[in-house]
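Here's the structure we're looking at; comments come further down.
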Amino acid sequence: MKRLNQVFTSLFFLLGFQPVLQGQPLADTTLLLPTVEVRSASIRYEVPGSATQHWEAAQLARVQADHLAGLLAAETGMYIKSYGLGSLATSSIRGGSAGHTLVLWNGLPIQSPMLGLLDLALLPVQAVESIGFTPGGGSALWGSGAIGGALNLDNRADFSRRTELKTSTLAGSFGQFQQQVKIGLGTEKVQSVTRFAHQQADNDFYYPLGAGLPKRPQTNARFSQQYLVQDLYWNIHERRRLSAHLWRQETSRQVPPTNVQNRSQARQEDSAARLVLEYRAITARGFWQIKTGYFDEHLQYVDDQILLNSRSHFRTYLAEITGQWQGGERHTFLLGNTHVHTQAWSQGYRDQIPTEYKTALFASWKYRGRKLNAQGSLRQEIVGGIGAPIVPALGVDYQIHPNLLVKGSASRNYRLPTLNDRFWAPGGNPDLLPESGWSQELGFHYRKQENGFELTASLTAFNRTIGNWILWSIREGQAYWSANNIAKVWSRGLEPRFSLTYPLTSGNLELRGGYDFVRSTNQIALKNPRMEAGGQLIYTPVHRAFATLALEWRTFYAAYQHAFTGAAQGINDPLEPYQVGNARLQYAQEFKQCRGTLFLNIYNIWNAQYLAVERRPMPGIHFQSGLTCFYFPKYAIYEMAFCFIAGLLRSFFNGPEGYWI
């Protein structure tokens, strides 16, 4: 793997600094975007009754986030529980747990079956072409875990681009350095898209130990990550396509001491290999498709101070077949079947090798009317021969006025116990029941367009009750923690959103934002962990607000983001409210060989001192700057060949140890 890392790094360095520096400003003209193929869309992705946020490739190129956690914290009301730069980051949607966020890659779930969640700091936003976020219950369409919402990460073909080369090089505070390359080659029938990247950081920022006390540097906090994403598309026929997606990723992270520890020697290694194959055929009245997936992930946690070396590993095999067809002008039907086989290995399982078989049948019907859109869905999942709850869902959109849309939905949702919940020794409980409950939401969405000016505003109210909530606790008469169905959680709240776009002579000015009011309370009093009936869940702020002001003028782009997070209760101590502001400046210019974009990111611009997790300090003001180049087709193929050969030669002359930069 070291040899592969050396090759990647050499390529990144050469590609990132190759463009000719003599250039001329872009003319003030309208740029025509390439046409993107329109294909038959699955009704699983756009569901009446809920609002989905989308980020396509052009938007992702502008976001001030290296990973998915940063994007969601800045652009949505999702609460991100971050342990710091380069460290673990998990999500909470509408007062749910981290296991209530389902993450899918090209339509298949990728969270760990051992933990039931996914570290969002391990998912680079530039590794995919499109990201979609749908809050609210989605178990009927997507399965276990979609209680709070679903995140869809997709890689898509664009056959209008036959040859493409894009490079990006970035440097920042605390020893941060990134290099990314995207290569696209193809014809009207075959396309290959390759993305690879390397990033590293020391994360050695200074933080105060307390009021009136001196600052100290964060130690043992180095982060390093490499990934390769390969997408292949073959148009066998104008109505049939075969696709393959590979995602290979290695991450190495040191675990810094908390602000009450003197030092740490802990580190964590994460390795992931994901493969998805898809065959899709479009018929006269719809489509059918087959997907297969293979996910293989390793995690190793080492702490030399306590002589700990913990390893875990899982393999998941997935197969899914779906068919969708049009039943007249207004009705669409979908039917699907999913099979999942998982095996896991860990020292915590002692001599067991847990194996889990799951199969699910799901169906959906969608009605499209002049003013009314509705969709009903149903799923039944069977795990090891035992049926999970049957989960129905119904969503409705109704246009009560040309500018006003009403959305409403109701659904039953569930989350299956994880392998750790069932098999960990001691404490695992094989008799656990699935978490399950009902959720409802009602929203009003207003949109007005006039003379280029656009206003959108919405208000959504939600309500959700989940029973059999799984918690690890010390039961009476026990001397160890164990997993039990002991909690019942009621979540409810309001989500106002707005967006204003004002046209300028050569651009536009946009202001968008939102506020989240979330009450998520445990309805049953518990002794250990101590939780009062009616008390707010830990790490669940009641108030959160966010806003972005963006200016686009000719080839210049500037944006300022501000977020407020209210007080929350930690495990031991309360967390104070905090506000964070980020800014981005970007300028594009055309060179002989490429179109280059220079950018500067400023994070925590007001230098706030805050904690998102107890005893885990966050950095003050810090910076990133870099250059992204999109090479013109006639130069791209020569650059690819030259840099590939040069990168190979340089890596082999460098020897076996580490990176040459």
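The values are calculated or read from the model by the stated rules, or taken from the named source; none is laboratory data. Quick caveat: nothing in here was measured; it's all calculated off a predicted structure. Methodologically, a virtual Cβ is constructed for each residue, glycine included, from the backbone with ideal geometry; neighbour enumeration extends over all protein chains shown.
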Going by the conditions given, is residue 335 hydrophobic (A, V, I, L, M, F, W, C) and either part of a helix (DSSP H, G or I) or free of Cβ contacts under 8 Å to residues at least 40 places away in the same chain (or both)?
yes
Identify all residues within the range 338-362 that are hydrophobic (A, V, I, L, M, F, W, C) and either surrounded by 18 or more Cβ atoms within 10 Å (Cβ to Cβ) or assigned to a strand (DSSP E or B) (or both); write none if there are none.
340, 344, 345, 360, 361, 362
Conditions (1) under 15 Å from residue 207 (Cβ atoms); (2) at pLDDT 95 or above; number of the one not met by residue 579
(1)
Residues of the range 201-242 that turn out to be touching a residue at least 60 places away in the same chain (Cβ under 8 Å), in a strand (DSSP E or B) and of a type in the set (A, V, I, L, M), as a count:
3
Would you mention how many residues in the range 257-277 are surrounded by fewer than 17 Cβ atoms within 10 Å (Cβ to Cβ) and closer than 28 Å to residue 107 by Cβ?
3
Evaluation of residue 83 against (1) modelled with pLDDT under 95; (2) over 25 Å from residue 522 (Cα atoms) (one fails), failing number:
(2)
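Please state which one of 172, 149, 184, 143 is without any contact (Cβ under 8 Å) to a residue 40 or more places away in the chain and of a type outside the set (A, V, I, L, M).
184
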Does the range 535-546 contain at least one residue that is without any contact (Cβ under 8 Å) to a residue 24 or more places away in the chain, aromatic (Phe, Trp, Tyr) and under 23 Å from residue 612 (Cα atoms)?
no
Answer yes or no: is there a residue in the range 185-192 that is part of a loop (DSSP other than H, G, I, E, B), within 17 Å of the chain's Cα centre (by Cα), more than 24 Å from residue 299 (Cα to Cα) and of a type in the set (D, E, K, R).
no
Consider residue 269 carefully, then state whether it is modelled with pLDDT of 95 or more, within 21 Å of residue 129 (Cα to Cα) and acidic (Asp, Glu).
no
Sole miss for residue 81 among (1) within 20 Å of residue 299 (Cβ to Cβ); (2) surrounded by 23 or more Cβ atoms within 10 Å (Cβ to Cβ); (3) charged (D, E, K, R) is condition (2)
For residue 311, indicate whether it is farther than 26 Å from residue 104 by Cβ and touching a helix residue (DSSP H, G or I) at 6+ places or on another chain (Cβ under 9 Å).
yes
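Of the residues 512, 422, which is crowded, with 16+ Cβ neighbours inside 10 Å, touching a residue at least 60 places away in the same chain (Cβ under 8 Å) and not β-branched (Val, Ile, Thr)?
422
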Wholly within the range 544-636, strands (runs of 3 or more DSSP E) carrying at least 3 residues that are of a type outside the set (Gly, Ala, Ser):
556-565, 578-591, 594-603, 622-631
Report the residue count in the range 363-388 for those that are buried (at least 18 other Cβ atoms within 10 Å of the Cβ) and closer than 21 Å to residue 113 by Cα.
3
For the range 394-424, name all the residues that are assigned to a loop (DSSP other than H, G, I, E, B), among the polar types (S, T, N, Q) and either touching a Ser or Thr at 6+ places or on another chain (Cβ under 8 Å) or under 28 Å from residue 103 (Cβ atoms) (or both).
418
Of the candidates 498, 462, the one satisfying the condition of being surrounded by 16 or more Cβ atoms within 10 Å (Cβ to Cβ), under 25 Å from the mean Cα position of the chain (by Cα) and touching a residue at least 60 places away in the same chain (Cβ under 8 Å) is 462
Going residue by residue through the range 141-148, is there one that turns out to be out of contact with any helix residue (DSSP H, G or I) (no Cβ under 8 Å at 6 or more places or on another chain), part of a strand (DSSP E or B) and modelled with pLDDT of 95 or more?
no
